[in-house]
1. Please indicate, with yes or no, whether at least one residue in region 8-15 is more than 15 Å from residue 69 (Cβ to Cβ), acidic (Asp, Glu) and exposed (fewer than 13 other Cβ atoms within 10 Å of the Cβ).
2. Suppose we filter region 1-33 for residues that are assigned to a helix (DSSP H, G or I), farther than 18 Å from residue 50 by Cβ and touching a residue at least 24 places away in the same chain (Cβ under 8 Å); how many remain?
Amino acid sequence: MTARKVMQKVMVEQLARIETEARTLARSGKYFSHKAIRLALVAQGFAETPRLFRNPWTCSELDRLCQQSATLSYRREA
């Protein structure tokens, strides 16, 4: 395997870890949008976070998960 392919594989794995963490944060009910999740991930030291958030579909999915989690949290409290 060439060095370039190794680097690409490492990058894909890093982005997958960041995306998994982003979804976990969205499902936690503690965040209201992808913007807050992005800030939290950068604060946690995920350097490649901005690259992940360039994808509008990812942002949309995280916003949807945040909204669903907030709705579920509200129903549990009621």
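We did not get these values from a lab; they are worked out from the coordinates using the rules stated. A quick note: this is a predicted structure, and the numbers were derived from the prediction, not measured. We place every Cβ from the backbone using ideal geometry, glycine too, and count neighbours over all the protein chains shown.
1. Within region 8-15, one or more residues are more than 15 Å from residue 69 (Cβ to Cβ), acidic (Asp, Glu) and exposed (fewer than 13 other Cβ atoms within 10 Å of the Cβ).
2. Of the residues in region 1-33, 1 are assigned to a helix (DSSP H, G or I), farther than 18 Å from residue 50 by Cβ and touching a residue at least 24 places away in the same chain (Cβ under 8 Å).
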